[in-house]
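Every number in this text was worked out from the coordinates using simple rules, so none of it is lab data. Keep in mind that this is a model prediction, so the values were computed, not measured. Every residue, glycine as well, gets a Cβ built from its backbone with ideal geometry; the counts of neighbours run over all protein chains shown.
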Amino acid sequence: MEKADFDKLLKVTRISLGKDEKEKLSADINDILIFFDKINQFSSSNDYTFHPVEIDGKTREDTNVDKAENKDMLNNAERYRFFVIGPKV
Amino acid sequence: MKEEFLYVDKEGYSKLVNHLENRNSELNAFNFIDKTEKEGKIISVKDNICVQGIPATASSKVLSGYVPNFNATVVDRLQKNGFAVVGKTNMDEFGFGSFGINSDKIAHNPFDQRYVAGGSSSGSAIATAIIKNHISIAESTGGSISTPASFCGVVGLTPTYGAISRYGLIDYANSLDKIGVMGRNSESLKYVMNIVSGQDEKDTTSVSNTLEEVRKDKLYVIDNFTKNINQTVLDRFEELLSRFSSDGYKIEHVKIDNLDYSLPAYYILSMAEASTNLAKYQGFKYGHKLKQFSMGYNEFFTEARKDFGMEAKRRIILGTFIRGKSFKQKYYEKALSIRAEIIKRMKSFLKEGFIISPTAPILTPKIDEVKDITPVEEYSMDMLTIPPNLCGFPHISFPYNYEKGLPLGAQLITDHFNDYALLDFVSHWEEGFKYRFAEEIS
């Protein structure tokens, strides 16, 4: 992987690394990609499976139930009386 | 052998907690021990499965402080049947590891603390090895139940993909994650499986198929599955095969084409899926919260995500790369087709018999020996547990020998939904082999 691609990935994933970490991780990733490239020797079929077993794929019916969930939703939120604050966009 | 569980009343519970806190300071089996007075049949739960009122961190600083206000379905079903959760067990961060060392608190093998406990469900295996008649609810993506079960000398069942609801599980890789169980004998596992398996309306990927018990008298040894394993492990395994042969099982050596691709295919799929799952941890909604709201959007989230460990960062970056538009076909789609191919090939044997192998290709390593190995070397250690996990086949690891005081585990694989046949097989094994456990805390 080129340095520019690696830097772009760090930006996209919002991962920041120190200089040493960056060197180590960049080298590791190139080793892993060589390991991954082994699969190119496999002659691909178009037979895909997204789940290892057949899944019905049923979706739940939409139901409108008043569960009074506000308290639950804010269980792990900071305790502000009428609002939750977040970072600037 | 009959199912047995450690039942404690409220007074006994406090004593148990004290004992566990003492041992935990050395072994790091638990991330959290629940001191709330309770009574029931004692179980522990891996720290990536939600239990109402007890923190769930998946051993990640990103989730520190997160306390679920709901139970995972598996926990709900067990509590309704008289089980009580004593604590949340240590693990490699988000399940990323094979040795139990990718955690703030390195897990130690209860037989000898200089050695690894295995991962990622390290704490569940330790808890099962030290607590009398214990059951632990664990989770496997690529071998996270079998490997620690083998290194700690307990029985670990990874069920068919979809057999147990994953509602309340902190995701690692959705097409691979499976909740499973560890215990001290097959009958106890069967009792628990009867309670926790079955479709759940809260998890649309759980299946309604009935789990079966179709016995097989043929054991397949996949020669290209076992070609790179340690000689001592291989010698002990050959002795085990001789024993099964004299018990009437027919042993057949075969080769499965394309099995070598399973390791890279697994890591491609798991990293791709992990990178999307970990995108939601931004220091705002779950767990650890960054409070510098004066920061801009990008700065804020980059700062919050500094809390991921090195292996998590590696997998996020690689997974994101693999999912890129120009590489999707080269990596992700190819890995999907490899999975389909390996399922087809393994199934052709599993219709006729079980596949058996050692669980781990090496003897239990010392912690110092694995701290500095490269990621590719670490991933290669999963070579025996990856194929059944990639393909969603149920498999079980059970102790079959002890080498220099440390247990050795064997892995048995069967076809989808034939989970109870594995427990039946191990139940027969237990009639002639006595397990040694590290401790008997009660």
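Summary table below
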read-out: About the Cα centre, charge dipole magnitude for chain B (Lys/Arg +1, Asp/Glu -1 at Cβ), debye; value: 1020 debye
read-out: Cα-derived Rg to Rh of segment B:121-228, Kirkwood definition; value: 0.98
read-out: Among B:309, B:65, B:296: highest mean-square fluctuation, GNM of chain B, C-alpha pairs under 10 Å; value: B:296
read-out: Förster-model FRET efficiency, 41 Å R0, residue B:112 and residue B:214, C-beta, rounded to 0.05; value: 0.60
read-out: Two-decimal Rg/Rh across the protein assembly as shown, once Rg and the Kirkwood Rh are taken from alpha-carbon atoms; value: 0.95
read-out: Long-range HN-HN contacts of residue B:84 with modeled amide H, under 5 Å; value: B:41, B:42, B:43
read-out: Those residues of segment B:351-383 whose amide nitrogen sits under 14 Å from the label point placed on residue B:235, 7 Å along Cα→Cβ; value: B:363
read-out: Value at 222 nm in deg cm²/dmol, rounded to 500, when DSSP H runs of n ≥ 4 in chain B each add -39,500 (n - 2.57); value: -10500 deg cm²/dmol
read-out: Leading residue at positive end of dipole, chain B (Cβ point charges), from B:427, B:270, B:358; value: B:270
read-out: Positive-end residue, the protein assembly as shown charge dipole about Cα centroid, Cβ charges, pick of B:400, B:340, B:224; value: B:340
read-out: Three-way shape call for segment B:1-91 based on the alpha-carbon gyration tensor, with the a/c threshold at 1.5; value: oblate
read-out: Dipole of the protein assembly as shown, positive end: most advanced residue of B:318, B:194, B:130 [Cβ charges, Cα centre]; value: B:318
read-out: Environment charge of residue A:12, counting only residues whose C-beta is closer than 11 Å and scoring Lys/Arg +1, Asp/Glu -1; value: +2
read-out: Long-range amide H partners of residue A:15 with built H, under 5 Å; value: none
read-out: Neighbourhood net charge (11 Å Cβ-Cβ; Lys/Arg +1, Asp/Glu -1) for residue B:13; value: -1
read-out: Descending semi-axes in whole angstrom, ellipsoid equivalent of segment B:223-378, from the Cα gyration tensor; value: 42, 21, 13
read-out: Among B:98, B:188, B:140, residue whose mean-square fluctuation peaks in a GNM of chain B (springs only between Cα atoms under 10 Å); value: B:188
read-out: D_trans [Stokes-Einstein, Kirkwood Rh over alpha-carbon pairs] for chain B, 37 °C, 0.692 mPa s, µm² s⁻¹; value: 152 µm²/s
read-out: Amide H contacts under 5 Å for residue B:139, placed H, 5+ residues apart; value: B:180
read-out: 3J(HN,Hα) from dihedral phi, segment B:70-80, Karplus parametrisation 6.51/-1.76/1.60, rounded to Hz, x for glycine, proline; value: 8, 9, 4, 4, 4, 6, 4, 5, 6, 5, 5
read-out: Contact order normalised by residue count of chain B, Cα under 8 Å, 6+ apart, percent; value: 20 percent
read-out: Within segment B:364-414, trypsin sites (Lys or Arg not before Pro) in DSSP loop having at most 10 other beta-carbon neighbours inside 10 Å; value: B:404
read-out: Burial ranking of peptide ranges B:192-198, B:227-233 (average Cβ count within 10 Å, highest at the top); value: B:192-198, B:227-233
read-out: Charge tally in the Cβ shell below 11 Å around residue A:21, where Lys, Arg are +1 and Asp, Glu are -1, residue A:21 excluded; value: +3
read-out: FRET efficiency, 1/(1 + (r/R0)^6) with R0 22 Å, evaluated for residue B:351 and residue B:253 via beta carbons; value: 0.80
read-out: Electrostatic dipole magnitude of the protein assembly as shown [Cβ: Lys, Arg +1; Asp, Glu -1; Cα centre; debye, to 20]; value: 1260 debye
read-out: Label-point separation in nm, residue B:245 to residue B:67, each point 7 Å along Cα→Cβ; value: 5.9 nm
